[in-house]
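Below is one structure, written out as structure tokens; comments come after it.
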Amino acid sequence: MTGGHPVIPGFHPDPSVCRVGDDYYLACSSFEYFPGVPLFHSRDLVHWTQIGNVLDRPGQLDLPVDSPSSGGIYAPTLRHHDGRFWLIVTNVSDGGNLLVTATDPAGPWSDPVRLPGVPGIDPDLAWDDDGTCWCTVAGVSQIRIDPYTGETFGEPRRIWSGTPGAKAPEAPHLYRIGDHWYLLIAEGGTERGHGVSVARGPAPTGPFEPCPANPVLTHRSTDDPVQNTGHADLVQAPDGTWWMVLLGVRPRGGSPGWHVLGRETFLAPVTWEDGWPVVGALVSGAQASPVEHRGGPGGTGPAAYRDDFEDTELAPAWISPRSRPAAHVTTKERPGHLTLLAAGASLDEPDAVFAGRRQEHLSCRVRTSVDPAQGCGGLAVRLDEQHHYEIEADAAEVRVVARIGPARTVLASRPLNGEPLVLGVDIAETRTLSDARTGPDTLTFGVTEPDGTFTALAALDGRYLSTEVAGGFTGRVIGLYAAAGTVHFDWFAYEPV
Ligand code: 6LW
């Protein structure tokens, strides 16, 4: 096993991909974040650009303020059929499965069609030759639906239970390939035991015979630097070759290690032997991953980016927990600034006023210019309400704060004069593993002085902002917040190092 580099780094799990002509489109889960379901475009499956978010308005995506972190939007399936794009997904915090459609994948997408008759999670869509639409869900069960109305016909029917003894048959995707219908699933749960299995049958309803070589993909019980590989989708390229997108994690800090970027999207080639898929090594090469996830004509570019907040809307890569009301997050209050107006909640609360972007590199440097004269806010690295580190300023002081589980600690502080200042965090992989207590990385928070030098105020162990410690399905999001009053941010800069 040679490992690999994600083609879409940072927390972009449960990828689902489809192709229209020479264009590929891919969607991922987004959980408690708004807008939801990031949508990417590529011409080569390696370099991706985010072109929007499928669920980008209330009514499409309502996440109750009391919905938990890692609740919300699970596992979409993205397909193109009958001249339209279709996306089916589960909102575990608001009504279950829903279906939206669009002619332009960049949006707008339709209002959701609710699917009360479709049980469970991880819904898939597949159409038979006669236009019958089959919805297959984790378990693995199936029911016929009308994708235009959401009507279901009959009762869900178990069509495969996966490999005997394997847990959690989920993430089903159904394909008509040649003379067979193939049913691809994930098994083993999304941690270190994760894997992909496949079965095939004469019809979309089965019966299905399992592949003798199952699991066709897993890194369980290996020392591959990419672990938890699973939750895959297949796509055929214009040249006839087949490819698999899948999720994986990159643990650091020794074995079993801690992963901090969440489950990322990887790519692997697929060949066919005796009518069964054979999955090759993950696409590698650092150049595969540095992708600028910026919408519009930006296209793929260097992974580094700087946002001067000149546009009236935030780029699609910016996300907020549960909602992003314009009354609290706006670039129209002070031109060329992102203005956050606190809602009385700290980052410990589900309705904190926060806007951030996924951490996409194991080592990176982030800076922001903040004017805290009218409030209190700053730069945070967030995993959830109980796991976040931040450097914040108000008119009198700058301080570094850590929330780990029940404990909230002020680790350092320095008096201020109320002037705007540059806050920063350097996130560096911990290179020496001699110290068994050493985590995957160190997060050093500080301020950039007027002469450009960076003064560190506190260095924190990245172990506690990892999924192995915090649990859940997401990854780190680095962003800006207001804990009190009104806070203006002039720019935000992210640079892999
Ligand atoms: C996803 C399911 C899963 O719906 O995790 O562990 C859920 N398996 O496939 C969220 O990613």
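The values are calculated or read from the model by the stated rules, or taken from the named source; none is laboratory data. Keep in mind it's a predicted model, so treat the numbers as computed, not measured. We place every Cβ from the backbone using ideal geometry, glycine too, and count neighbours over all the protein chains shown.
Descriptive notes on the structure:
- Residue in the range 126-135 that is at pLDDT 95 or above, in the same structural domain as HIS231 (by TED's automatic domain parsing) and in contact with a Gly (Cβ under 6 Å, 6 or more places away or on another chain) present: no
- Of the strands (runs of 3 or more DSSP E) that lie entirely inside the range 338-438, those containing 3 or more residues that are farther than 23 Å from SER67 by Cα span 364-371, 375-384, 387-393, 397-404, 407-415, 421-429.
- Checking SER221 against (1) surrounded by fewer than 18 Cβ atoms within 10 Å (Cβ to Cβ); (2) polar (S, T, N, Q); (3) in contact (Cβ under 8 Å) with a residue 12 or more places away in the chain, the condition it does not meet: (3)
- Yes/no for THR467 being farther than 30 Å from ALA327 by Cβ and more than 22 Å from the chain's Cα centre (by Cα): no
- Residues located in the range 1-25, provided they are within 15 Å of the ligand (Cβ to nearest atom) and either more than 22 Å from GLU191 (Cα to Cα) or of a type in the set (D, E, K, R) (or both): ASP14
- All positions within the range 140-168 that are within 16 Å of the ligand (Cβ to nearest atom) and within 21 Å of VAL17 (Cβ to Cβ): VAL140
- Pick from the range 301-312, criterion within 21 Å of the chain's Cα centre (by Cα) and in a loop (DSSP other than H, G, I, E, B), ranking: modelled with the highest pLDDT: ALA304
- Pair list, Cβ < 9 Å and 6+ apart or interchain, from the range 174-191 residues that are assigned by TED's automatic domain parsing to the domain that holds THR77 to residues that are at pLDDT below 95 and within 9 Å of the ligand (Cβ to nearest atom): ALA186/ALA168; GLU187/ALA168; GLY188/ALA168; GLY189/ALA168; THR190/ALA168
- Looking across the range 84-107, just one residue is at pLDDT 95 or above and more than 19 Å from SER16 (Cα to Cα), and that is SER93.
So that you can scan it fast, the table gives a plain yes or no per residue for (1) polar (S, T, N, Q); (2) out of contact with any Lys or Arg (no Cβ under 7 Å at 6 or more places or on another chain):
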site	(1), (2)
ASP384	no, yes
HIS387	no, no
VAL398	no, no
PRO415	no, yes
VAL422	no, no
THR442	yes, yes
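- Residues located in the range 84-97, provided they are away from the ligand (no atom under 11 Å from the Cβ), closer than 16 Å to PHE34 by Cα and assigned to a strand (DSSP E or B): ASN91
- Qualifying residue in the range 287-300 (condition: at pLDDT 95 or above and charged (D, E, K, R)): no
- Positions within the range 61-83 being within 13 Å of the ligand (Cβ to nearest atom) and assigned to a strand (DSSP E or B), in sequence order: ILE73, TYR74, ALA75, PRO76, THR77
- Looking across the range 145-162, the residues that are crowded, with 18+ Cβ neighbours inside 10 Å and either under 21 Å from ILE185 (Cβ atoms) or of a type in the set (Phe, Trp, Tyr) (or both) come down to ILE145, PRO156, ILE159, TRP160, GLY162.
- Evaluating GLU32 against the criteria (1) free of Cβ contacts under 8 Å to residues at least 60 places away in the same chain; (2) charged (D, E, K, R); (3) within 16 Å of the ligand (Cβ to nearest atom) leaves one unmet condition, (1).
- A count restricted to the range 443-466 and to residues that are of a type in the set (D, E, K, R) and closer than 20 Å to SER413 by Cβ stands at 2.
- Looking at THR455, THR474, THR432, just one residue is modelled with pLDDT of 95 or more and surrounded by fewer than 16 Cβ atoms within 10 Å (Cβ to Cβ), and that residue is THR455.
- Search result, residues across the range 220-237 that are away from the ligand (no atom under 15 Å from the Cβ) and more than 20 Å from TRP272 (Cα to Cα): SER221, THR222, ASP223, ASP224, PRO225, VAL226
- Within the range 181-208, the set of residues being within 11 Å of the ligand (Cβ to nearest atom) and not charged (D, E, K, R) comprises ILE185, ALA186, GLY188, GLY189, THR190, GLY193, HIS194.
- Complete set of residues in the range 332-373 that are among the polar types (S, T, N, Q), farther than 20 Å from GLY36 by Cα and modelled with pLDDT of 95 or more: THR339, THR368, SER369
Let's see how each residue does on (1) of a type in the set (Lys, Arg); (2) under 14 Å from THR444 (Cα atoms); (3) in contact (Cβ under 8 Å) with a residue 60 or more places away in the chain:
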site: GLU392; (1), (2), (3): no, yes, yes
site: ILE404; (1), (2), (3): no, no, yes
site: ARG408; (1), (2), (3): yes, no, yes
site: ARG414; (1), (2), (3): yes, no, no
site: LEU421; (1), (2), (3): no, no, no
site: VAL425; (1), (2), (3): no, yes, yes
site: THR430; (1), (2), (3): no, yes, yes
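- CYS364 being more than 18 Å from THR330 (Cα to Cα) and either in contact (Cβ under 8 Å) with a residue 24 or more places away in the chain or touching a Gly at 6+ places or on another chain (Cβ under 9 Å) (or both): yes
- Residue that is farthest from TRP127 (Cα to Cα) [pool: residues in the range 169-180 that are away from the ligand (no atom under 16 Å from the Cβ) and surrounded by 15 or more Cβ atoms within 10 Å (Cβ to Cβ)]: HIS180
- Applying the criterion of being touching a residue at least 40 places away in the same chain (Cβ under 8 Å) and small (Gly, Ala, Ser) to the residues of the range 103-129, the residue that is surrounded by the fewest Cβ atoms within 10 Å (Cβ to Cβ) is ALA106.
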